Amino acid sequence: MDQTHIHLVITHLPIFGSVLGGLVLAHGLWTKNNQTKIAAYNIFIISVIGAGIAYLTGEAAEESVENLPGVFEATIERHEDFAIYAFVSLIILGVFSIIGIFLTLKKSSASRTLAFVIFLISLVSFGLVARTGFLGGQIRHSEIVKGAITSTDNTENEGD
């Protein structure tokens, strides 16, 4: 397994982790269950680790596809440029999650307010990481590129 394969596999973790963590955190807030909130924070931290791996393997993935037919440098650059925003938002989410774990375990009165803030950060992070994934998918998946040719002429010589 090379870095390109790792990049393609791990990129899904921050996408699904941020939305799953958000759902778990919402449930924890709804039920006022601290263990559920801590579980959500751990999901966010795992998502940040996955995002870090995806970010670090991105350059190798770029090098392996940049000269393939149908791959455009501009598409790669859009994905790469947007990825930094998603990564930074996930780092912020991870840092706040670590603080959230600490405050929840200490039974701080600020832990509930922080949980709502973390939930909002998770929504923003999900939007950014999902957009980054979409832009990355456009590199090799012409079926999601608006205006791309997605079918070929399948007419055969019927009169012969």
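Could we say that Thr104 is closer than 16 Å to Phe16 by Cβ and either open to solvent by less than 30 Å² (accessible area, probe 1.4 Å) or of a type outside the set (A, V, I, L, M, F, W, C) (or both) here? Outline the logic, then answer.
On the way: closer than 16 Å to Phe16 by Cβ: no; either open to solvent by less than 30 Å² (accessible area, probe 1.4 Å) or of a type outside the set (A, V, I, L, M, F, W, C) (or both): yes.
So Thr104 does not fit the description; no.
With (1) open to solvent by less than 60 Å² (accessible area, probe 1.4 Å); (2) within 18 Å of Ala26 (Cα to Cα) as the list, and Leu128 as the residue in question, which single condition is left unmet?
All conditions pass for Leu128, except number (2).
Just checking, does region 59-73 include any residue being in a helix (DSSP H, G or I), surrounded by fewer than 20 Cβ atoms within 10 Å (Cβ to Cβ) and under 16 Å from the mean Cα position of the chain (by Cα)? I'd like the intermediate steps shown before the answer.
Within region 59-73, the first condition is being in a helix (DSSP H, G or I), and the residues that meet it are 59-65, 73.
Cutting the leftovers down to surrounded by fewer than 20 Cβ atoms within 10 Å (Cβ to Cβ) gives us 59-60, 62-65, 73.
Then drop every residue that is not under 16 Å from the mean Cα position of the chain (by Cα), which leaves none.
Looking for residues that are in a helix (DSSP H, G or I), surrounded by fewer than 20 Cβ atoms within 10 Å (Cβ to Cβ) and under 16 Å from the mean Cα position of the chain (by Cα), one finds none in region 59-73, hence no.
Check Lys37 against each of (1) more than 18 Å from Arg131 (Cα to Cα); (2) crowded, with 16+ Cβ neighbours inside 10 Å; (3) free of Cβ contacts under 8 Å to residues at least 60 places away in the same chain; (4) not acidic (Asp, Glu) and name the one condition it does not meet.
(3)
Within region 84-101, work out how many residues are under 13 Å from the mean Cα position of the chain (by Cα) and open to solvent by 20 Å² or more (accessible area, probe 1.4 Å).
Residues meeting the conditions: 5.
The values are calculated or read from the model by the stated rules, or taken from the named source; none is laboratory data. Note that the coordinates shown come from a computational prediction; the quantities given were computed from them, not determined experimentally. In this analysis, Cβ positions are derived from the backbone assuming ideal geometry, glycine residues included, and neighbour counts consider all displayed protein chains. In case anyone asks, the SASA skips ligands and DNA or RNA and just uses the protein heavy atoms, side chains included. Shrake-Rupley method; radii C 1.70, N 1.55, O 1.52, S 1.80 Å.
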